[in-house]
Amino acid sequence: MMNARIINALSEIYDIERLRLATVDYLATHDIDINAVAGACGSPTVTPITLLPNQRFDLPDRCAEDGVVNVKGVVIEARGEDGETVFDLVAWPIANPTDVHTLCGSAPILGLWQAFNAATYVFDYPLVIHRTPLDWLKADCQGAAIIIPDLAAQTFLDIANFGGQIGASDPAHARELKAHLVAFFSTVKIISPNPLRRVA
């Protein structure tokens, strides 16, 4: 069952008519196919967001804290292991897609259901990790994107425990993932693309 805070935020976001043109423009600019991504993350929506401490966000009309920053951002749904249950919302400023925030602080990765689907790893294919949620959208939501690194580490440990591998966007990204994840455990296998090879 969805958290009431998420339900209220979604109803507010999806009810804002004036945001639709900005959203259509954003999707077109980034060559994102709404039909390909809607089943994985709802309808990406361009809307004002309030950036809060600890990589959290809220909607400006619902947040009256002092010293907060309001920016134009993109909001998508984070879905659970079943690929359907919305358990958090994820947002980032349009001007900085690497600055990722959550509404509730509970989403380790986007694409969680793919991480726990054995079919993802058939023929030793890795779970491809994209650098940002925007990159994940551009890849039609195939693979995953890290949202909260400390929570994601447990997900990656679970993947390693059943023999799955993690694929990075590029060799530099593979090194970054490895450096971050080694702080938690050393058994994870991270593959770098073209050609796929294990990163030392």
Quiz item: How big is the shadow of the Cα convex hull of region 4-198, averaged over all directions, in nm²?
Solution: 11.2
Quiz item: Fully extended, how many nm does the chain gain between residue 117 and residue 68 (0.36 nm per residue separation, minus their Cα-Cα distance)?
Solution: 13.8 nm
Quiz item: What list do you get for 77, 12, 176, 84 if you sort them by fewest beta carbons within 10 Å?
Solution: 84, 12, 176, 77
Quiz prompt | Charge sum, other residues only, whose C-beta stays under 12 Å from residue 105's C-beta, Lys/Arg counted +1 and Asp/Glu -1 | solution = -1
Quiz prompt | Cβ crowding within 10 Å averaged over residues, with 34-44, 136-146 ranked highest first | solution = 136-146, 34-44
Practice problem: Give me the distance in nm between label points sitting 7 Å out from Cα along the Cα-to-Cβ direction at residue 104 and residue 180, one decimal. | Solution: 2.2
Practice problem: Neighbouring Cβ atoms within 10 Å as the yardstick, rank 7, 13 fewest first. | Solution: 7, 13
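Every read-out reported here was derived from the displayed coordinates using simple, explicitly stated rules and does not represent laboratory data. All values reported here derive from a predicted model rather than from experimental measurement. We place every Cβ from the backbone using ideal geometry, glycine too, and count neighbours over all the protein chains shown.
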